[in-house]
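Encoded as structure tokens, the structure appears first; notes follow it.
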Amino acid sequence: MTAPSLHRRLLLILGGAVTLAWLASAAFTYLDTRRLIDGIIDAHLEESAQILLGVLDQSAAAPRLVATDPDKPLSTRLLDRLPPGQPPGFSDRVEGDRRWRVFAARGTSGQWVEVAVRQEVRASFAARVATHVLHPLWLALPLLTVLIWGALRWGLAPLDRIAALVSNRGSTDLDPLPEAGTPREIRPLVTALNALFARIAAVRERDRRFAADAAHELRTPLAVIRTNAEVALGARDPQERREALDDVLSGADRATHLVGQLLALARIDGAALGSRSPVDLAALLRSEAGRLAGRAAAQGIVLRLDIAPDADGAGAAALSGHAELLAVLLRNLLDNALKHTPAGGMVTAVLARDGAGLRLVVEDTGPGIPARVRGRVRDRFFRAGPSGGGAGLGLSIVDAIVDLHGGAFELADRPGGPGLQAIVTLPRG
Amino acid sequence: MRLLLVEDDRLLGRGLRTGLSQRGFAVDWTETAEDAEAALETTAYDAVVLDLGLPGMDGLTLLRRRRAARDATPILVLTARDTVDDRVAGLDAGGDDYLVKPFALAELQARLRALVRRRAGEAAPTLRSGRIELDPAARTVRLDGAPVALSGREFSVLHDLMLHAGRIVSRGQLEDAVYGWGDEVGSNAIEVHVHNLRRKLGTDAVQTVRGSGYLVPAAPKAPVAP
């Protein structure tokens with residue numbers, strides 16, 4: 001298992017903490033017991049020495065008490081005087097590998113009595129007591145582990161429950177998880193999950209509606225093609241047949257245009273991940289305007305470009321972006337302007353520097369867009385007027401491309417007359 | 001039969017107008033619900049073909065308004081939306097029938113004929129008067145079982161008279177039924193058509209009611225069981 005497990009981690013932490021606490025208490029017990037035993041043994045040593053001295057003082061003959069077997073833990077000696085360096089009373093002494101606790105006292109006859117006990121005795125006595133304290137731990141530790149493990153399972157059950165809820169979901173189920181009854185600690189997680197679900201649901205709904213709208217929008221050009229094909233088949237008059245066949249072609253063109261627009265939108269969604277490169281917007285504008293010049297002339301519309309010198313050229317005026325999409329943006333704006341401008345009118349595109357970025361204004365002398373629907377014309381498939389062949393996607397595409405480049409797009413009345421002004425500002429990116 | 005076509009899409013509207021005219025419908029075409037409402041206020045139509053997606057007032061609103069104004073003209077709804085909810089909404093708002101784009105022109109025509117027939121209270125797809133039998137779908141007329149060749153206008157005049165068999169139909173009503181907006185109507189056009197019908201079907205086929213109009217005798221009703 002490589003994935004970190006919260007369960008295991010808590011088990012280790014809690015098990016370790018309990019063990020440490022127990023060991024600490026054993027150590028404390030050991031030290032405390034030892035201090036206690038030291039006190040008791042010291043008292044015993046002193047008492048034994050006093051008793052011995054009392055016995056010595058009362059006996060007439062001076063007994064020659066020889067030191068007891070040094071291999072025994074207790075040793076008692078009578079000395080004429082203390083060895084050099086040993087103070088009267090309590091002291092510690094090392095003899096070879098043996099360590100002693102010693103009490104020395106002088107009797108009235110001037111003789112010294114020394115009572116000593118091996119340090120090891122005291123240590124082992126204290127150790128035994130401490131070990132006794134530790135003993136239950138060996139038994140309790142496995143039991144505790146099991147108990148902690150169970151408690152963790154029980155305590156972490158809400159997490160498992162939520163995990164089960166999420167993992168059992170179908171890919172289409174984006175209903176929020178229940179927040180009621182969720183422990184306070186996991187509620188932020190559940191809330192965040194629910195917010196994510198809501199966002200995904202919104203995106204899915206938008207995509208679904210868009211796909212449905214796109215399919216529906218294709219139905220009308222298909223109806224145009226089908227109806228006019230039937231009309232052509234049923235026509236007896238050659239003129240009538242010709243007109244119907246022309247309309248079949250127009251219907252096919254419209255379907256083609258719609259598919260192109262839909263693909264452009266799909267590309268915009270994909271391009272958000274793609275890389276940018278320096279784009280010469282002025283050159284793009286010239287090229288797109290060039291492509292539409294013939295149509296403008298045929299419609300009797302003057303198409304005019306006004307490119308400021310400081311917005312021209314690939315150097316300083318270049319902005320970082322998606323050249324293909326920026327071309328689509330220009331084409332849609334110019335196409336839209338031409339579509340709504342009557343014969344004898346004018347379409348002007350002005351490109352200038354705007355701070356660090358560029359500002360493009362496409363202006364026509366058409367009827368403009370009434371202010372009450374201006375806010376909606378960027379909605380996908382919204383048409384401000386009768387469907388004259390457009391899919392209602394042009395301005396939504398412009399909006400999406402501008403958005404992708406971090407720019408701003410607004411519509412206004414043409415100053416000093418009827419007509420529409422589309423204003424796009426693009427940062428250098 | 002005179003139809004009002006409400007369709008904002010120019011190419012589709014033009015195709016539908018021509019396609020329906022080819023089959024003898026007199027078609028008036030408006031591009032907005034507002035114009036359609038004005039036309040419905042002043043002219044009696046046999047049926048309306050209504051697209052729901054219109055600029056300005058939408059088709060469903062027009063439907064509701066007409067039904068609220070107690071206008072019972074049969075309305076066939078055309079739309080690009082084909083979910084059950086959309087269809088239910090269209091029918092509940094007062095639509096009599098529903099067709100999803102793209103559709104076959106022949107089906108649209110058949111549905112319109114059925115709507116008009118039901119409106120006239122006829123269940124049979126063919127109309128009868130005396131020796132004459134008229135089949136609106138096939139656009140054929142038989143006299144004693146033998147086919148009679150009629151021009152499109154003549155057929156339309158006879159069709160309208162037979163839809164109102166036993167009742168007087170004025171010349172103006174016949175003009176409305178046979179000619180759409182923009183069709184040129186000669187001052188004696190209806191007289192000419194009636195004259196031709198009499199020549200082809202016999203003089204009593206169409207009776208003239210002086211000062212009022214024309215009349216085709218009703219077919220004798222089947223004897224009612226006692």
Could you point to the residue in A:250, B:196, A:45 farthest towards the positive end of the protein assembly as shown's charge dipole, with +1 and -1 charges on the Cβ of Lys/Arg and Asp/Glu respectively? A:45
According to the Cα gyration tensor, what semi-axes, each the square root of 5 times an eigenvalue, does the equivalent ellipsoid of region A:287-361 have, listed from largest to smallest in whole Å? 24, 13, 10
Measuring from label point to label point, each 7 Å out along Cα→Cβ, what is the residue B:204 to residue A:423 span in nm? 8.2
Computed magnitude of the charge dipole of region A:6-154 (debye, nearest 20; Cβ of K, R +1, Cβ of D, E -1): 700
Karplus couplings for region B:156-172 from phi (6.51 cos²θ - 1.76 cosθ + 1.60, θ = phi - 60°), rounded to Hz, Gly and Pro as x? 5, 4, 5, 4, 5, 5, 6, 4, 10, 3, x, 10, 7, 10, 6, 4, x
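Between beta-carbons, use under 10 Å as the cut-off and find the net charge around residue B:75, counting Lys and Arg +1, Asp and Glu -1.
My count for the surroundings of residue B:75 gives -1.
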Under the definition of partner shielding as Cβ atoms of other protein chains within 10 Å of a residue Cβ, what is the mean value for peptide A:231-241? 3
Calculated from backbone phi, Karplus (6.51, -1.76, 1.60) coupling profile of region A:129-144 in Hz, x at Gly/Pro: 4, 5, 5, 4, 5, 6, 3, x, 4, 4, 6, 6, 4, x, 4, 4
Averaged across orientations, what area in nm² does the convex hull of the alpha carbons in region A:183-335 project? 15.4
Residue-ordered couplings for region B:3-16, obtained by feeding phi - 60° into the Karplus form 6.51 cos²θ - 1.76 cosθ + 1.60 and rounding to whole Hz (Gly and Pro as x), are 10, 10, 9, 10, 8, 8, 7, 4, 5, 5, x, 5, x, 5
Given bins 5 angstrom wide, list per bin the percent of all Cα-Cα distances in region A:6-154, short to long. 2, 9, 14, 14, 12, 9, 7, 6, 6, 6, 5, 4, 3, 2, 1, 0, 0
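Between residue A:269 and residue A:240, take the C-beta separation as r, use R0 = 45 Å, and let me know the FRET efficiency to the nearest 0.05.
0.55
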re region A:275-429: pairs of Cα atoms spaced beyond 20 Å account for a percent value of 46
Can you run the Rg to Rh ratio on chain B? Use alpha carbon positions and the Kirkwood inverse-distance Rh. 0.99
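When ranked by the protection proxy of mean other Cβ atoms within 10 Å per residue, highest first, what sequence do the peptides A:216-222, A:263-269 form?
The most tightly packed comes first, giving A:216-222, A:263-269.
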Taking region B:127-215 as the region of interest, what is the percent of Cα-Cα pairs per 10 angstrom bin, listed from the shortest bin to the one with the maximum distance? 16, 56, 26, 2
At a 10 angstrom cut-off on C-beta neighbours, averaged per residue, how do the peptides B:154-163, B:194-203 rank from highest to lowest? B:154-163, B:194-203
Net lengthening on full extension, residue A:172/residue A:324 (0.36 nm per residue, minus Cα-Cα): 51.3 nm
Helix A:394-404 versus the longest principal axis of chain A: what angle, 0 to 90°, nearest 10, using Cα atoms? 30
If A:324, A:179 are placed from fewest to most neighbouring beta carbons inside 10 Å, the sequence is A:179, A:324
Extreme residue, positive dipole direction of the protein assembly as shown, given options A:28, A:129, B:158 (C-beta unit charges): A:129
So what's the back-of-envelope 222 nm ellipticity for chain A, counting only DSSP H runs of four-plus at -39500 (n - 2.57) apiece and dividing by all residues, rounded to 500? -19500 deg cm²/dmol
Once you average over the residues of A:246-258, how many Cβ atoms of partner chains fall within 10 Å of each Cβ? 2
Rounded to the nearest 20 Debye, what is the dipole magnitude of the protein assembly as shown about its Cα centre when Lys and Arg each give +1 and Asp and Glu each give -1 at the C-beta? 980
Which value, in Å³ per residue, describes the convex hull spanned by the Cα atoms of region A:92-249? 277
Taking max minus min of the Cα coordinates of chain A on each principal axis, largest first, gives extents in Å of 162, 54, 36
Positive end of the charge dipole of region B:2-119 (Lys, Arg +1 and Asp, Glu -1 on Cβ, about the Cα centre): tell me which of B:11, B:94, B:55 has its Cα farthest that way. B:94
Going by alpha carbons, how many degrees (0 to 90, nearest 10) lie between the helix axis of B:33-42 and the longest principal axis of chain B? 30
Förster-model FRET efficiency, 56 Å R0, residue A:91 and residue A:149, C-beta, rounded to 0.05: 0.55
Please compute, for peptide A:211-221, the average count of beta-carbon atoms on other protein chains lying within 10 Å of each residue's beta-carbon. 4
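Quick one: putting +1 on the C-beta of Lys and Arg, -1 on the C-beta of Asp and Glu, what dipole do you get for region A:173-213 around its Cα centre, in Debye to the nearest 20?
Values: 7 positive and 7 negative charges, 24 e Å.
Rounded to the nearest 20 debye, it is 120 debye.
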Report the net charge of residues surrounding residue B:212, where surrounding means a beta-carbon distance below 13 angstrom and charges are Lys +1, Arg +1, Asp -1, Glu -1. +3
At a Förster distance of 22 Å, what's the computed FRET efficiency of residue A:408 paired with residue A:306, Cβ-Cβ distance as r, to 0.05? 0.65
Measure nothing fancy, just the Cα-based angle from helix A:323-339's long axis to the longest principal axis of chain A, in degrees from 0 to 90, nearest 10. 40
Once both labels are modelled 7 Å past Cα along the beta-carbon direction, what's the residue B:43-residue A:252 spacing in nm? 3.4
Cα convex hull of region A:98-187: mean projected area in nm², to one decimal? 12.9
Local electrostatic count, residue B:10, Cβ distance below 10 Å [Lys/Arg +1, Asp/Glu -1]: -4
Whose amide H sits under 5 Å from the amide H of residue B:54, counting only residues 5 or more places off or on another chain, with H placed in the peptide plane? B:59
Debye-sum result for region B:2-119 in log10 I(q)/I(0), which assumes one identical scatterer on each alpha carbon, at q = 0.10, 0.13, 0.16 Å⁻¹: -0.24, -0.42, -0.66
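Read-outs throughout are calculated quantities, based only on the coordinates presented, and are distinct from any laboratory measurement. What you see is a predicted model, and the numbers here were worked out from it, not measured in a lab. Glycine also receives a Cβ, built like all others from the backbone with ideal geometry; neighbour counts cover every protein chain displayed.
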